[in-house]
Amino acid sequence: MKTFSYGDDSPIAAFATTPGKSALTLIRCSGKGSLELAAGVFSAPEKMLQAAGNTVIHGWIVTPNRAEDKTPGRVDDVLVSVFRAPKSYTGEDSLDISCHGGNAVGKAVLEALRAAGFRDALPGEFTFRAFMNGKLDLSRAESVMELVCARTDRGRSNAINRLSGVLEKEISAVKKQLVEVLSGAEIFLDYSEDEISADAQEIAGRLPHESLARESLARLQKLLKSWQTERLYQEGIFAVIAGRPNSGKSSLFNLLLQEERSIVTEIPGTTRDWIEAWVSIEGIPVRLADTAGLRSSHDPVEKIGVERSRDLLDAADLVLYLIDGEEGITDEDSALIDTLEIPHLVVWNKTDIAPAPEKIIAVSAKTGEGIAELAAAIAGAIQAKIATNAGNPDPSPSLGTVRQKNLVEAAIASLEEALDMAEKMEPLDLVSPLLREAVNSLGEITGEVSTADILEEMFSKFCVGK
(Lines give C-alpha, C1' and ligand atoms only; values in the text may rest on other atoms or scores of the structure.)
Protein backbone atom coordinates (compact mmCIF):
# COMPACT_ATOMS: atom_id res chain seq x y z
CA MET A 1 0.00 0.00 0.00
CA LYS A 2 1.42 3.36 -1.06
CA THR A 3 1.90 5.93 1.68
CA PHE A 4 1.86 9.66 1.14
CA SER A 5 3.64 12.48 2.92
CA TYR A 6 3.15 16.21 3.25
CA GLY A 7 4.68 18.40 0.58
CA ASP A 8 3.32 17.22 -2.77
CA ASP A 9 0.64 18.90 -4.88
CA SER A 10 -1.40 15.84 -5.80
CA PRO A 11 -5.20 16.23 -5.75
CA ILE A 12 -6.64 15.47 -2.30
CA ALA A 13 -10.14 15.20 -0.87
CA ALA A 14 -11.62 14.86 2.62
CA PHE A 15 -14.70 15.53 4.71
CA ALA A 16 -14.65 19.10 6.03
CA THR A 17 -17.66 18.32 8.24
CA THR A 18 -18.36 15.27 10.36
CA PRO A 19 -20.52 12.79 8.42
CA GLY A 20 -23.85 12.08 10.04
CA LYS A 21 -27.52 13.00 10.14
CA SER A 22 -27.53 16.65 9.09
CA ALA A 23 -28.79 18.99 6.39
CA LEU A 24 -25.46 19.18 4.56
CA THR A 25 -22.08 17.50 4.36
CA LEU A 26 -19.09 19.42 3.01
CA ILE A 27 -16.27 17.70 1.13
CA ARG A 28 -13.14 19.70 0.33
CA CYS A 29 -10.87 19.04 -2.67
CA SER A 30 -7.58 20.71 -3.62
CA GLY A 31 -4.46 20.17 -5.67
CA LYS A 32 -3.01 20.20 -9.15
CA GLY A 33 -5.62 19.14 -11.72
CA SER A 34 -8.41 18.96 -9.13
CA LEU A 35 -10.92 20.83 -11.32
CA GLU A 36 -10.26 18.54 -14.26
CA LEU A 37 -10.58 15.40 -12.14
CA ALA A 38 -13.77 16.63 -10.45
CA ALA A 39 -15.25 17.48 -13.83
CA GLY A 40 -14.99 13.76 -14.67
CA VAL A 41 -17.57 12.98 -11.98
CA PHE A 42 -19.76 16.06 -12.49
CA SER A 43 -22.89 16.00 -14.61
CA ALA A 44 -21.89 19.20 -16.43
CA PRO A 45 -18.11 18.92 -16.90
CA GLU A 46 -17.77 21.94 -19.20
CA LYS A 47 -19.66 24.06 -16.70
CA MET A 48 -17.08 23.20 -14.03
CA LEU A 49 -14.07 23.67 -16.29
CA GLN A 50 -15.29 27.10 -17.39
CA ALA A 51 -16.41 28.26 -13.93
CA ALA A 52 -14.67 31.38 -12.64
CA GLY A 53 -13.05 31.39 -9.24
CA ASN A 54 -15.24 32.17 -6.21
CA THR A 55 -18.40 31.01 -7.94
CA VAL A 56 -20.95 28.29 -7.16
CA ILE A 57 -22.31 25.82 -9.69
CA HIS A 58 -25.11 23.27 -9.42
CA GLY A 59 -25.18 19.73 -10.75
CA TRP A 60 -24.91 16.04 -9.95
CA ILE A 61 -21.98 13.98 -8.75
CA VAL A 62 -22.00 10.91 -10.96
CA THR A 63 -20.03 7.68 -11.08
CA PRO A 64 -16.81 7.98 -13.16
CA ASN A 65 -17.14 7.36 -16.91
CA ARG A 66 -15.89 3.90 -17.77
CA ALA A 67 -15.98 2.05 -21.06
CA GLU A 68 -18.25 -0.61 -19.59
CA ASP A 69 -20.69 1.98 -18.19
CA LYS A 70 -23.11 3.19 -20.84
CA THR A 71 -24.79 5.67 -18.51
CA PRO A 72 -23.04 7.15 -15.45
CA GLY A 73 -25.09 6.67 -12.27
CA ARG A 74 -26.16 9.66 -10.22
CA VAL A 75 -24.68 9.85 -6.73
CA ASP A 76 -26.05 13.12 -5.30
CA ASP A 77 -27.41 16.54 -6.21
CA VAL A 78 -24.75 19.06 -5.11
CA LEU A 79 -23.55 22.64 -5.06
CA VAL A 80 -19.87 23.11 -5.87
CA SER A 81 -17.93 26.19 -4.76
CA VAL A 82 -15.05 26.71 -7.20
CA PHE A 83 -11.80 28.42 -6.17
CA ARG A 84 -8.96 29.01 -8.58
CA ALA A 85 -5.30 29.42 -7.68
CA PRO A 86 -3.92 31.48 -6.11
CA LYS A 87 -7.15 32.91 -4.65
CA SER A 88 -8.09 29.94 -2.50
CA TYR A 89 -7.48 28.73 1.04
CA THR A 90 -4.63 26.47 -0.06
CA GLY A 91 -3.37 28.65 -2.90
CA GLU A 92 -4.23 25.82 -5.31
CA ASP A 93 -7.26 25.07 -7.49
CA SER A 94 -9.87 23.90 -4.97
CA LEU A 95 -13.50 22.88 -4.63
CA ASP A 96 -15.95 22.65 -1.74
CA ILE A 97 -18.72 20.18 -2.54
CA SER A 98 -21.92 20.68 -0.54
CA CYS A 99 -23.90 17.44 -0.69
CA HIS A 100 -26.84 16.17 1.33
CA GLY A 101 -26.17 15.15 4.92
CA GLY A 102 -25.95 11.56 6.03
CA ASN A 103 -23.25 8.91 6.21
CA ALA A 104 -24.19 7.10 3.01
CA VAL A 105 -24.36 10.20 0.79
CA GLY A 106 -21.03 11.69 1.89
CA LYS A 107 -19.21 8.39 1.63
CA ALA A 108 -20.60 7.78 -1.87
CA VAL A 109 -19.47 11.22 -3.08
CA LEU A 110 -16.02 10.74 -1.57
CA GLU A 111 -15.75 7.30 -3.19
CA ALA A 112 -16.60 8.83 -6.59
CA LEU A 113 -13.82 11.37 -6.07
CA ARG A 114 -11.35 8.62 -5.16
CA ALA A 115 -12.31 6.74 -8.32
CA ALA A 116 -11.70 9.93 -10.31
CA GLY A 117 -8.12 10.16 -9.01
CA PHE A 118 -8.23 12.05 -5.71
CA ARG A 119 -6.43 10.61 -2.70
CA ASP A 120 -7.49 11.00 0.93
CA ALA A 121 -6.03 14.11 2.54
CA LEU A 122 -3.66 13.71 5.48
CA PRO A 123 -4.55 15.39 8.80
CA GLY A 124 -4.12 19.15 8.42
CA GLU A 125 -2.91 18.83 4.83
CA PHE A 126 -5.11 21.63 3.48
CA THR A 127 -3.70 24.06 6.06
CA PHE A 128 -0.19 22.71 5.44
CA ARG A 129 -0.56 23.60 1.77
CA ALA A 130 -1.88 27.04 2.72
CA PHE A 131 1.30 27.58 4.73
CA MET A 132 3.62 26.23 2.04
CA ASN A 133 1.95 28.41 -0.61
CA GLY A 134 2.29 31.55 1.48
CA LYS A 135 -1.39 31.95 2.35
CA LEU A 136 -0.79 31.64 6.10
CA ASP A 137 2.25 31.99 8.34
CA LEU A 138 2.81 29.22 10.87
CA SER A 139 1.21 31.10 13.78
CA ARG A 140 -1.96 31.68 11.74
CA ALA A 141 -1.97 28.04 10.63
CA GLU A 142 -1.90 26.93 14.28
CA SER A 143 -4.76 29.30 15.09
CA VAL A 144 -6.97 27.41 12.62
CA MET A 145 -6.86 24.33 14.84
CA GLU A 146 -7.21 26.48 17.97
CA LEU A 147 -10.41 27.86 16.48
CA VAL A 148 -11.76 24.38 15.79
CA CYS A 149 -11.01 23.29 19.37
CA ALA A 150 -12.20 26.47 21.16
CA ARG A 151 -14.51 25.60 24.07
CA THR A 152 -15.72 29.12 24.84
CA ASP A 153 -16.40 32.40 23.07
CA ARG A 154 -13.31 33.93 24.70
CA GLY A 155 -11.13 31.11 23.35
CA ARG A 156 -12.70 31.58 19.92
CA SER A 157 -12.09 35.34 20.01
CA ASN A 158 -8.42 34.93 20.96
CA ALA A 159 -7.89 32.39 18.18
CA ILE A 160 -9.52 34.78 15.70
CA ASN A 161 -7.07 37.50 16.77
CA ARG A 162 -4.14 35.24 15.93
CA LEU A 163 -5.77 34.11 12.67
CA SER A 164 -6.12 37.77 11.67
CA GLY A 165 -2.36 38.20 12.10
CA VAL A 166 -2.06 40.02 15.44
CA LEU A 167 0.62 37.64 16.76
CA GLU A 168 2.47 37.47 13.43
CA LYS A 169 2.73 41.28 13.29
CA GLU A 170 4.12 41.47 16.83
CA ILE A 171 6.67 38.72 16.25
CA SER A 172 7.75 40.28 12.95
CA ALA A 173 8.08 43.71 14.59
CA VAL A 174 10.26 42.40 17.43
CA LYS A 175 12.34 40.35 14.99
CA LYS A 176 12.89 43.44 12.87
CA GLN A 177 14.21 45.28 15.92
CA LEU A 178 16.59 42.45 16.76
CA VAL A 179 17.82 42.24 13.17
CA GLU A 180 18.70 45.93 13.41
CA VAL A 181 20.61 45.27 16.63
CA LEU A 182 22.35 42.27 15.07
CA SER A 183 23.26 44.21 11.93
CA GLY A 184 24.77 46.98 14.03
CA ALA A 185 26.92 44.46 15.90
CA GLU A 186 28.07 42.61 12.79
CA ILE A 187 29.13 45.81 11.00
CA PHE A 188 32.04 46.05 13.42
CA LEU A 189 32.87 42.38 12.95
CA ASP A 190 33.35 42.92 9.20
CA TYR A 191 36.33 45.21 9.75
CA SER A 192 39.69 44.66 11.39
CA GLU A 193 40.83 46.92 14.24
CA ASP A 194 43.21 48.91 12.02
CA GLU A 195 40.34 49.82 9.68
CA ILE A 196 38.27 51.69 12.26
CA SER A 197 39.07 54.73 14.36
CA ALA A 198 39.85 54.71 18.06
CA ASP A 199 36.40 56.16 18.84
CA ALA A 200 34.76 53.47 16.75
CA GLN A 201 36.83 50.80 18.50
CA GLU A 202 35.50 52.04 21.85
CA ILE A 203 31.94 51.90 20.51
CA ALA A 204 32.60 48.41 19.19
CA GLY A 205 33.10 47.25 22.75
CA ARG A 206 29.45 48.02 23.41
CA LEU A 207 26.29 46.60 21.91
CA PRO A 208 24.96 48.96 19.22
CA HIS A 209 21.27 49.82 19.64
CA GLU A 210 21.28 48.31 23.14
CA SER A 211 18.14 50.26 24.10
CA LEU A 212 16.37 48.66 21.13
CA ALA A 213 17.45 45.23 22.33
CA ARG A 214 16.05 45.93 25.79
CA GLU A 215 12.77 47.12 24.30
CA SER A 216 12.57 43.86 22.33
CA LEU A 217 13.21 41.90 25.52
CA ALA A 218 10.39 43.72 27.34
CA ARG A 219 7.97 43.00 24.47
CA LEU A 220 8.88 39.32 24.47
CA GLN A 221 8.49 39.06 28.25
CA LYS A 222 5.02 40.61 28.00
CA LEU A 223 4.15 38.16 25.24
CA LEU A 224 5.33 35.23 27.37
CA LYS A 225 3.05 36.31 30.24
CA SER A 226 0.07 36.05 27.89
CA TRP A 227 0.55 32.27 27.70
CA GLN A 228 -0.74 31.61 31.22
CA THR A 229 -4.01 33.39 30.48
CA GLU A 230 -4.32 31.86 27.02
CA ARG A 231 -3.72 28.33 28.35
CA LEU A 232 -6.50 28.95 30.84
CA TYR A 233 -8.99 29.79 28.08
CA GLN A 234 -7.88 26.83 25.97
CA GLU A 235 -7.52 24.05 28.53
CA GLY A 236 -9.79 25.33 31.29
CA ILE A 237 -9.63 24.35 34.96
CA PHE A 238 -10.90 21.51 37.11
CA ALA A 239 -13.34 22.74 39.78
CA VAL A 240 -14.87 20.48 42.43
CA ILE A 241 -18.06 21.13 44.38
CA ALA A 242 -17.54 19.70 47.87
CA GLY A 243 -19.30 19.80 51.22
CA ARG A 244 -21.29 17.77 53.70
CA PRO A 245 -24.28 15.66 52.58
CA ASN A 246 -27.51 17.55 51.78
CA SER A 247 -25.72 20.91 51.45
CA GLY A 248 -27.10 21.23 47.89
CA LYS A 249 -24.05 20.25 45.83
CA SER A 250 -26.00 18.38 43.16
CA SER A 251 -28.56 21.16 42.88
CA LEU A 252 -25.79 23.73 42.40
CA PHE A 253 -24.08 21.47 39.86
CA ASN A 254 -27.31 21.17 37.83
CA LEU A 255 -27.93 24.92 38.06
CA LEU A 256 -24.47 25.83 36.78
CA LEU A 257 -24.87 23.33 33.94
CA GLN A 258 -28.44 24.45 33.30
CA GLU A 259 -29.52 20.83 32.96
CA GLU A 260 -30.51 17.98 35.28
CA ARG A 261 -27.37 15.84 35.35
CA SER A 262 -27.14 14.88 39.03
CA ILE A 263 -29.95 13.18 40.97
CA VAL A 264 -31.36 15.47 43.64
CA THR A 265 -33.40 14.19 46.64
CA GLU A 266 -33.99 15.23 50.23
CA ILE A 267 -32.11 12.13 51.39
CA PRO A 268 -28.54 12.92 52.52
CA GLY A 269 -25.89 10.85 50.74
CA THR A 270 -27.85 10.42 47.48
CA THR A 271 -24.70 11.12 45.42
CA ARG A 272 -22.51 8.05 45.87
CA ASP A 273 -19.95 8.76 43.14
CA TRP A 274 -18.69 11.87 41.38
CA ILE A 275 -19.98 13.14 38.05
CA GLU A 276 -18.42 15.80 35.83
CA ALA A 277 -19.29 18.02 32.86
CA TRP A 278 -17.84 21.02 31.01
CA VAL A 279 -19.37 24.44 31.58
CA SER A 280 -18.36 27.96 30.52
CA ILE A 281 -18.10 30.40 33.43
CA GLU A 282 -17.35 34.01 32.49
CA GLY A 283 -15.82 32.71 29.25
CA ILE A 284 -13.54 30.24 31.05
CA PRO A 285 -13.98 26.52 30.28
CA VAL A 286 -14.47 24.71 33.59
CA ARG A 287 -14.56 20.95 34.10
CA LEU A 288 -17.00 20.88 36.99
CA ALA A 289 -17.37 17.86 39.31
CA ASP A 290 -20.20 17.04 41.69
CA THR A 291 -19.01 14.84 44.54
CA ALA A 292 -20.34 12.65 47.31
CA GLY A 293 -20.97 14.37 50.63
CA LEU A 294 -17.94 14.43 52.93
CA ARG A 295 -18.77 12.55 56.13
CA SER A 296 -17.91 9.36 57.96
CA SER A 297 -20.03 6.46 56.79
CA HIS A 298 -20.39 2.73 57.47
CA ASP A 299 -22.12 2.19 54.13
CA PRO A 300 -19.42 0.52 51.96
CA VAL A 301 -20.66 2.14 48.73
CA GLU A 302 -20.95 5.62 50.21
CA LYS A 303 -17.56 5.19 51.89
CA ILE A 304 -15.91 4.56 48.50
CA GLY A 305 -17.66 7.64 47.10
CA VAL A 306 -16.34 9.80 49.96
CA GLU A 307 -12.79 8.50 49.41
CA ARG A 308 -13.03 9.34 45.72
CA SER A 309 -14.29 12.82 46.60
CA ARG A 310 -11.25 13.42 48.78
CA ASP A 311 -8.97 12.27 45.95
CA LEU A 312 -10.65 14.77 43.63
CA LEU A 313 -9.95 17.59 46.07
CA ASP A 314 -6.24 16.87 45.72
CA ALA A 315 -6.48 17.03 41.92
CA ALA A 316 -8.66 20.16 41.71
CA ASP A 317 -7.56 23.63 40.60
CA LEU A 318 -10.43 25.18 42.57
CA VAL A 319 -12.84 23.92 45.24
CA LEU A 320 -16.32 25.30 45.81
CA TYR A 321 -17.02 24.31 49.41
CA LEU A 322 -20.78 24.42 50.00
CA ILE A 323 -22.27 25.23 53.39
CA ASP A 324 -25.78 24.04 54.31
CA GLY A 325 -27.39 27.34 55.29
CA GLU A 326 -30.00 25.62 57.46
CA GLU A 327 -27.29 24.17 59.71
CA GLY A 328 -24.69 26.91 59.32
CA ILE A 329 -20.93 26.40 59.45
CA THR A 330 -20.33 23.35 61.63
CA ASP A 331 -17.10 22.26 63.31
CA GLU A 332 -16.87 19.56 60.65
CA ASP A 333 -17.10 22.22 57.90
CA SER A 334 -14.39 24.33 59.55
CA ALA A 335 -12.09 21.34 59.89
CA LEU A 336 -12.54 20.36 56.24
CA ILE A 337 -12.01 23.93 54.98
CA ASP A 338 -8.82 24.23 57.06
CA THR A 339 -7.36 21.20 55.29
CA LEU A 340 -7.78 22.73 51.83
CA GLU A 341 -4.38 23.83 50.51
CA ILE A 342 -5.60 24.85 47.04
CA PRO A 343 -7.65 27.90 46.00
CA HIS A 344 -11.20 27.56 47.31
CA LEU A 345 -14.41 29.50 47.75
CA VAL A 346 -16.75 29.03 50.70
CA VAL A 347 -20.33 29.24 49.43
CA TRP A 348 -23.41 29.58 51.64
CA ASN A 349 -26.36 27.73 50.10
CA LYS A 350 -30.12 28.01 50.83
CA THR A 351 -29.98 31.78 51.29
CA ASP A 352 -33.68 31.84 50.35
CA ILE A 353 -34.52 30.34 53.75
CA ALA A 354 -31.36 31.07 55.77
CA PRO A 355 -29.66 34.46 55.28
CA ALA A 356 -25.87 34.25 54.98
CA PRO A 357 -23.37 36.00 57.25
CA GLU A 358 -21.67 39.09 55.83
CA LYS A 359 -18.68 38.77 53.50
CA ILE A 360 -19.54 35.23 52.36
CA ILE A 361 -20.77 34.19 48.93
CA ALA A 362 -24.47 33.44 49.23
CA VAL A 363 -26.58 31.48 46.74
CA SER A 364 -29.80 29.57 46.50
CA ALA A 365 -29.39 26.51 44.32
CA LYS A 366 -33.18 26.22 44.43
CA THR A 367 -34.10 29.71 43.16
CA GLY A 368 -30.90 30.69 41.34
CA GLU A 369 -30.31 33.69 43.59
CA GLY A 370 -26.63 34.71 43.76
CA ILE A 371 -25.49 32.50 40.87
CA ALA A 372 -24.22 35.46 38.81
CA GLU A 373 -22.17 36.64 41.79
CA LEU A 374 -20.81 33.12 42.30
CA ALA A 375 -19.78 32.90 38.64
CA ALA A 376 -17.94 36.21 38.95
CA ALA A 377 -16.22 34.99 42.13
CA ILE A 378 -15.13 31.77 40.39
CA ALA A 379 -13.69 33.77 37.47
CA GLY A 380 -11.96 36.12 39.91
CA ALA A 381 -10.41 33.23 41.84
CA ILE A 382 -9.10 31.69 38.64
CA GLN A 383 -7.71 34.98 37.38
CA ALA A 384 -6.09 35.70 40.74
CA LYS A 385 -4.27 32.40 40.46
CA ILE A 386 -2.52 33.58 37.31
CA ALA A 387 -2.20 37.19 38.47
CA THR A 388 -4.20 38.76 35.66
CA ASN A 389 -7.56 40.45 35.24
CA ALA A 390 -10.77 39.15 33.75
CA GLY A 391 -12.67 41.24 31.24
CA ASN A 392 -13.40 41.63 27.58
CA PRO A 393 -11.29 39.76 25.00
CA ASP A 394 -7.86 41.39 24.77
CA PRO A 395 -6.95 42.41 21.22
CA SER A 396 -3.24 42.59 22.12
CA PRO A 397 -0.94 39.79 20.88
CA SER A 398 -0.99 36.50 22.80
CA LEU A 399 0.64 33.10 22.42
CA GLY A 400 -1.63 30.24 21.43
CA THR A 401 0.47 27.05 21.59
CA VAL A 402 3.17 25.43 23.69
CA ARG A 403 5.45 25.52 20.64
CA GLN A 404 5.13 29.30 20.43
CA LYS A 405 5.68 29.64 24.18
CA ASN A 406 8.85 27.52 24.09
CA LEU A 407 10.30 29.52 21.18
CA VAL A 408 9.61 32.86 22.89
CA GLU A 409 11.31 31.50 26.02
CA ALA A 410 14.31 30.47 23.90
CA ALA A 411 14.47 33.94 22.31
CA ILE A 412 14.29 35.61 25.74
CA ALA A 413 17.06 33.38 27.14
CA SER A 414 19.37 34.17 24.21
CA LEU A 415 18.63 37.90 24.37
CA GLU A 416 19.13 38.07 28.15
CA GLU A 417 22.49 36.33 27.85
CA ALA A 418 23.52 38.66 25.02
CA LEU A 419 22.64 41.76 27.08
CA ASP A 420 24.41 40.37 30.13
CA MET A 421 27.58 39.79 28.10
CA ALA A 422 27.30 43.25 26.55
CA GLU A 423 27.14 44.81 30.03
CA LYS A 424 30.38 43.01 30.89
CA MET A 425 31.94 44.44 27.70
CA GLU A 426 32.47 40.97 26.23
CA PRO A 427 33.59 40.92 22.54
CA LEU A 428 30.79 41.38 20.03
CA ASP A 429 31.80 38.20 18.21
CA LEU A 430 30.51 36.36 21.31
CA VAL A 431 27.36 38.48 21.63
CA SER A 432 26.38 38.37 17.96
CA PRO A 433 25.62 34.59 17.78
CA LEU A 434 23.25 34.93 20.73
CA LEU A 435 21.35 37.68 18.95
CA ARG A 436 21.11 35.49 15.88
CA GLU A 437 19.73 32.63 17.99
CA ALA A 438 17.00 34.95 19.27
CA VAL A 439 16.14 36.04 15.71
CA ASN A 440 15.99 32.41 14.53
CA SER A 441 13.72 31.41 17.42
CA LEU A 442 11.25 34.11 16.44
CA GLY A 443 11.53 33.03 12.80
CA GLU A 444 10.44 29.53 13.82
CA ILE A 445 7.21 30.90 15.29
CA THR A 446 6.06 32.31 11.95
CA GLY A 447 7.66 29.54 9.88
CA GLU A 448 10.44 31.55 8.26
CA VAL A 449 12.81 29.09 9.90
CA SER A 450 11.49 25.52 9.87
CA THR A 451 12.28 21.91 9.06
CA ALA A 452 10.18 19.25 7.36
CA ASP A 453 10.12 17.10 10.52
CA ILE A 454 8.79 19.95 12.66
CA LEU A 455 6.10 20.84 10.12
CA GLU A 456 4.93 17.24 9.70
CA GLU A 457 4.74 16.72 13.46
CA MET A 458 2.72 19.92 13.89
CA PHE A 459 0.20 19.44 11.09
CA SER A 460 -0.33 15.73 11.80
CA LYS A 461 -2.18 16.81 14.98
CA PHE A 462 -4.81 18.67 12.96
CA CYS A 463 -8.13 17.09 12.09
CA VAL A 464 -8.63 15.66 8.60
CA GLY A 465 -10.28 18.18 6.28
CA LYS A 466 -8.44 21.17 7.77
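Does ARG154 satisfy the criteria of being in contact (Cβ under 8 Å) with a residue 40 or more places away in the chain and farther than 23 Å from SER398 by Cα?
no
Please work out which one of (1) at pLDDT below 95; (2) closer than 20 Å to LEU24 by Cα; (3) out of contact with any helix residue (DSSP H, G or I) (no Cβ under 9 Å at 6 or more places or on another chain) is the condition GLY73 fails and give its number.
Against the list (1) at pLDDT below 95; (2) closer than 20 Å to LEU24 by Cα; (3) out of contact with any helix residue (DSSP H, G or I) (no Cβ under 9 Å at 6 or more places or on another chain), GLY73 comes up short only on (2).
Does SER34 meet the test of being in the same structural domain as VAL78 (by TED's automatic domain parsing), of a type in the set (Ser, Thr, Tyr), more than 21 Å from VAL148 (Cβ to Cβ) and touching a residue at least 24 places away in the same chain (Cβ under 8 Å)?
Spelling it out, SER34 is indeed in the same structural domain as VAL78 (by TED's automatic domain parsing), of a type in the set (Ser, Thr, Tyr), more than 21 Å from VAL148 (Cβ to Cβ) and touching a residue at least 24 places away in the same chain (Cβ under 8 Å).
Right, ALA85: in a loop (DSSP other than H, G, I, E, B) and either at pLDDT 95 or above or surrounded by 15 or more Cβ atoms within 10 Å (Cβ to Cβ) (or both) or not?
yes
Just to be sure I understand, how many residues within the stretch 266-302 are acidic (Asp, Glu) and either modelled with pLDDT of 60 or more or under 30 Å from ARG154 (Cβ atoms) (or both)?
3
Name the pairs whose Cβ atoms lie under 6 Å apart, with the first residue in the stretch 403-416 and under 14 Å from GLU142 (Cβ atoms), the second among the aromatic types (Phe, Trp, Tyr), and 6 or more positions between them or separate chains?
Close Cβ pairs (under 6 Å, with a partner that is among the aromatic types (Phe, Trp, Tyr)) amount to LYS405/TRP227.
Go through (1) modelled with pLDDT under 95; (2) not in a strand (DSSP E or B) and name the single condition ALA52 misses.
Here ALA52 meets the rest and fails (1).
Going by what's in this entry, would ALA108 be described as on the phi < 0 side of the Ramachandran plot and in contact (Cβ under 8 Å) with a residue 12 or more places away in the chain?
yes
Please return the ranges of helices (runs of 4 or more DSSP H) entirely within the stretch 353-466 where 2 or more residues are modelled with pLDDT under 85 and assigned by TED's automatic domain parsing to the domain that holds ASN158.
Because the criterion is at least 2 residues that are modelled with pLDDT under 85 and assigned by TED's automatic domain parsing to the domain that holds ASN158, the helices (runs of 4 or more DSSP H) in the stretch 353-466 that meet it are 428-446.
Let me spell it out: the conditions are (1) at pLDDT 85 or above; (2) part of a helix (DSSP H, G or I); (3) crowded, with 17+ Cβ neighbours inside 10 Å, and ILE337 meets all of them except one. Which number is the exception?
Every condition holds for ILE337 apart from (3).
If we keep just the residues of the stretch 224-243 that are of a type outside the set (Gly, Ala, Ser) and outside any helix (DSSP H, G or I), which is surrounded by the fewest Cβ atoms within 10 Å (Cβ to Cβ)?
Restricting to residues being of a type outside the set (Gly, Ala, Ser) and outside any helix (DSSP H, G or I), the top hit is PHE238.
Restricting to the stretch 207-265, and then to whatever is modelled with pLDDT of 85 or more and of a type in the set (Asp, Glu), can you tell me which residue is farthest from ILE160 (Cα to Cα)?
So the residue we want is GLU210.
The values are calculated or read from the model by the stated rules, or taken from the named source; none is laboratory data. On a predicted model such as this, the values are computed, not experimentally measured, just so you know. Cβ atoms come from the backbone with ideal geometry, glycine included; neighbour counts cover every protein chain shown.
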